[in-house]
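Reading through the structure tokens given below for one structure.
The values are calculated or read from the model by the stated rules, or taken from the named source; none is laboratory data. What you see is a predicted model; the values in this text were computed from it and never measured. Using ideal geometry, Cβ is built from the backbone for each residue, glycine included, and neighbour counts are taken over all protein chains shown. The protein model used for the area step is the full one, side chains on, heavy atoms only, and it has no ligands, DNA or RNA in it. Shrake-Rupley method; radii C 1.70, N 1.55, O 1.52, S 1.80 Å.
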Amino acid sequence: MRFISTRGAKPTTAAETIVQGICPKGGLYVPETFPVVSLKELAACPDYCALAAKILSLYLTETPYEELLSMTRKAYASFDDAEVVPLHPLYETEQVMELWHGPTMAFKDVALQLLPHLMTDSLRRTGSKEKAYILVATSGDTGKAALEGFCGVEDTRVLVFYPHGGVSEAQRLQMVTQTGANTDVCAINGNFDDAQTAVKRIFGSDRMRRAVKEKGYRLSSANSINFGRLVPQIVYYFSAYLTMIKNGALTVGDRINFCVPTGNFGDILAGYYAMRMGLPVKKLIVASNRNNVLTDFFREGVYDANRTFHRSMSCSIDILISSNLERLLFLVNGEDAARTEDQMRKLKETGRYEITQQQRAELERVFYADWCTEEDTLKTIRRVYDDRGYLMDPHTAVGQTILERYKEQTQDETPAVLLSTANPYKFATAVLGAFETAGEDDFENARRLTEYTGVPVPTPFATLKSRPQRHFGRIGLDEIEQRVLEPLD
Ligand SMILES: *Cc1c(COP(=O)(O)O)cnc(C)c1O
């Protein structure tokens with residue numbers, strides 16, 4: 001399989017694609033075609049790791065299946081559930097897929113426990129003399145998952161930028177207590193979009209690439225702009241479907257809906273890729289919070305980032321520049337790179353671009369989009385807990401709210417899977433607020449939440465406060481380049 005860029009570039013190998021992370025000329029790498037799979041063949045995979053290796057092997061064609069299998073086994077050994085991404089039946093026609101059983105308790109682990117293995121394999125395959133220097137912009141969860149994944153991995157170092165005041169206290173502590181000689185964390189004065197834009201600018205800078213290369217490194221990304229992040233996420237869409245067939249919730253060929261709380265559009269894009277590979281998906285439901293730029297895009301065909309940025313309790317989807325939408329746009333444009341590049345230039349210069357009404361109508365056949373308020377989110381957490389005894393984090397609750405609204409509006413009773421993207425204790429303060437007035441302290445709130453629900457505080461969270469903090473830096477946006485080069489001296 002070869003990879004091309006959404007803005008045009010010579011096709012390249014999977015290994016180059018993963019090592020580079022983002023196309024140096026701008027644009028995101030996408031597969032040249034979608035491999036079509038047989039569900040029957042996938043159903044023969046004995047477990048999640050085998051299924052993952054099988055799907056990876058269709059894209060990363062240079063790496064033998066056995067090697068991929070050994071990587072997926074190592075990656076998912078850190079998960080606390082043998083099924084890796086277990087399904088929890090919630091209502092008659094709805095199951096929740098819990099993607100947060102990895103070490104950092106958020107769905108990013110599914111990709112980021114695997115990416116370091118793919119990265120070292122890819123470095124070897126490209127014959128790179130340089131080590132990989134991974135720059136990450138995080139809205140909270142990617143940062144810790146990348147640190148955890150790359151910690152101690154040979155020939156790599158990782159630097160995470162997070163928005164000061166823009167992540168939960170637990171998320172912050174997870175990052176600043178990170179150990180490992182190759183890991184580094186720094187706060188920035190700005191929001192996630194600022195951090196992501198600054199990091200993307202560094203990837204696009206020849207001067208920075210040269211400066212880093214002189215020190216024996218090449219820049220790479222662990223954000224979902226890296227195709228190596230996307231492909232592990234395709235797997236769980238198939239896994240959910242196959243599990244539901246095994247459980248009798250579906251028969252082969254039945255269609256399925258997925259609802260996904262979305263920010264950077266990576267998670268849900270993987271679902272669309274799964275559909276293009278042959279998974280019988282009916283609707284992909286795009287769930288947003290007040291930062292509803294995607295809702296407006298799908299409804300009106302206009303992407304307009306010129307709006308107020310809201311900090312919400314579902315902070316990992318507080319995003320106005322949704323990077324992976326570019327990959328969908330490229331497909332909607334009939335793989336026209338010049339047109340995609342033009343739209344992205346408009347986005348950069350004016351914060352806005354449009355698609356045609358015909359394109360919008362085409363998207364509407366697959367995607368349904370909506371958003372909800374903070375109050376809706378809290379009500380949903382409370383109601384689902386009262387009705388079903390199931391505790392959801394705020395991101396999952398945004399998804400649940402929109403899924404219910406979709407069903408009400410369309411009367412569509414197709415079996416649906418809600419992607420649950422974080423352990424509720426990772427956002428204990430917000431979750432407790434659904435039941436009673438929460439205090440300032442995340443940990444005290446987690447304790448109270450336990451009292452209320454009887455669900456124990458997960459160990460990685462419980463020990464967080466007693467771990468020594470190691471990373472204290474906080475810089476302005478104009479200091480990012482210098483901060484990237486500093487540790488290499
Ligand atoms: C990252 C994240 C999301 C959004 O994923 P995207 O791929 O950016 O759409 C949703 N929920 C949680 C908890 C996350 O960490």
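Rg to Rh ratio, the chain, alpha-carbon atoms and Kirkwood radius?
On the way: Rg = 21.0 Å, Rh = 22.5 Å.
Rounded to two decimals, Rg/Rh equals 0.93.
In debye to the nearest 20, how big a dipole does the range 291-372 give about its Cα centre with +1 on each Lys and Arg Cβ and -1 on each Asp and Glu Cβ?
Values: 11 positive and 14 negative charges, 40 e Å.
So the magnitude is around 200 debye.
Just to be sure I understand the curve: with the Debye formula and one point per C-alpha of the range 7-157, what is log10 I(q)/I(0) at q = 0.11 Å⁻¹?
-0.49
Would you please give the residues with an amide H less than 5 Å from that of Arg218, counting only those at least 5 places away or on a separate chain, with H modeled from the backbone geometry?
For Arg218, whose amide H was placed from the backbone, the distant partners under 5 Å are Lys131, Ala132, Tyr133.
Beta carbons within 10 angstrom, averaged per residue: use that to sort the peptides 266-278, 418-430, highest first.
418-430, 266-278
Place +1 on the Cβ of every Lys and Arg and -1 on the Cβ of every Asp and Glu in the range 174-213, take the dipole about the Cα centre, and give the residue among Thr197, Gln178, Val212 whose Cα lies farthest towards its positive end.
It is Val212.
Holding the Cα-Cα limit at 27 Å, pick out from Lys108/Lys131; Lys379/Lys426; Lys74/Lys283; Lys108/Lys282; Lys108/Lys465; Lys283/Lys348 the pairs that are longer than that. The partial results should precede the final answer.
Details: Lys108/Lys131 23 Å; Lys379/Lys426 19 Å; Lys74/Lys283 33 Å; Lys108/Lys282 25 Å; Lys108/Lys465 22 Å; Lys283/Lys348 30 Å.
Too far apart for the 27 Å limit: Lys74/Lys283; Lys283/Lys348.
Enumerate the amide H contacts of Tyr390 below 5 Å, restricted to partners 5 or more residues apart or on another chain; note that Pro and chain-start residues carry no placed amide H.
HN-HN under 5 Å from Tyr390: Tyr385.
Could you tell me which of Asn226, Ile4, Pro468 has its Cα farthest along the dipole of the chain towards the positive end, charges placed at Cβ (Lys, Arg +1; Asp, Glu -1), taken about the Cα centre?
Positive-end residue among those listed: Ile4.
Give the separation of the Cα centroids, the range 94-129 to the range 401-458, in Å.
Computed from Cα coordinates, the inter-centre distance equals 25 Å.
Roll a 1.4 angstrom probe over the protein heavy atoms and tell me the percent of accessible area of the range 252-294 that is carbon or sulfur.
Carbon plus sulfur share of accessible area: 38 percent.
Determine the dipole magnitude for the chain: charges of +1 sit on the beta-carbon of Lys and Arg, -1 on that of Asp and Glu, nothing else is charged, the reference point is the Cα centre, and the result goes in debye to the nearest 20.
1240
Need the C-alpha centroid separation for the range 459-475 versus the range 223-301, integer Å.
Their Cα centres are 33 Å away from one another.
If you wrap a convex hull around the C-alpha atoms of the range 1-86 and split its volume per residue, what is the figure in Å³?
Working: hull volume 9.9 nm³, N = 86.
So the per-residue hull volume is 115 Å³.
What is the magnitude of the charge dipole of the range 107-216 about its Cα centre, with +1 placed on the Cβ of each Lys and Arg, -1 on the Cβ of each Asp and Glu, and no other charges, expressed in debye to the nearest 20?
500
Would you mind computing, in nm to one decimal, how far apart the modelled labels at Arg276 and Asp441 are, each placed 7 Å from Cα along Cα→Cβ?
In this crude label model, Arg276 to Asp441 measures out at 5.0 nm.
Which helices count as membrane-span-like in the chain under these terms: full DSSP H, at least 18 Å along the axis by C-alpha, Kyte-Doolittle mean of 0.0 or more?
227-247
Helix-derived [θ] at 222 nm for the chain: sum -39500 (n - 2.57) over DSSP H runs of at least 4, divide by residue count, nearest 500?
-13500 deg cm²/dmol
What fraction of the DSSP beta bridges in the chain is antiparallel, stated in percent and rounded to the nearest 5?
Of all bridge pairs located within the chain, approximately 25 percent are antiparallel.
Show the residues, 5+ positions off or on another chain, whose built amide H is closer than 5 Å to the amide H of Gly473.
Ala187
How would you rank 443-455, 350-362, highest first, on the average number of other Cβ atoms within 10 Å across their residues?
Per-residue mean Cβ counts within 10 Å order the peptides as 443-455, 350-362.
Tell me the per residue accessible area of the chain using a 1.4 Å probe; a whole number in Å² is fine.
Per residue, the chain has an accessible area of 38 Å².
What trypsin sites (Lys or Arg not before Pro) does the range 127-226 have in DSSP loop regions with at most 10 other beta carbons within 10 Å?
Lys129
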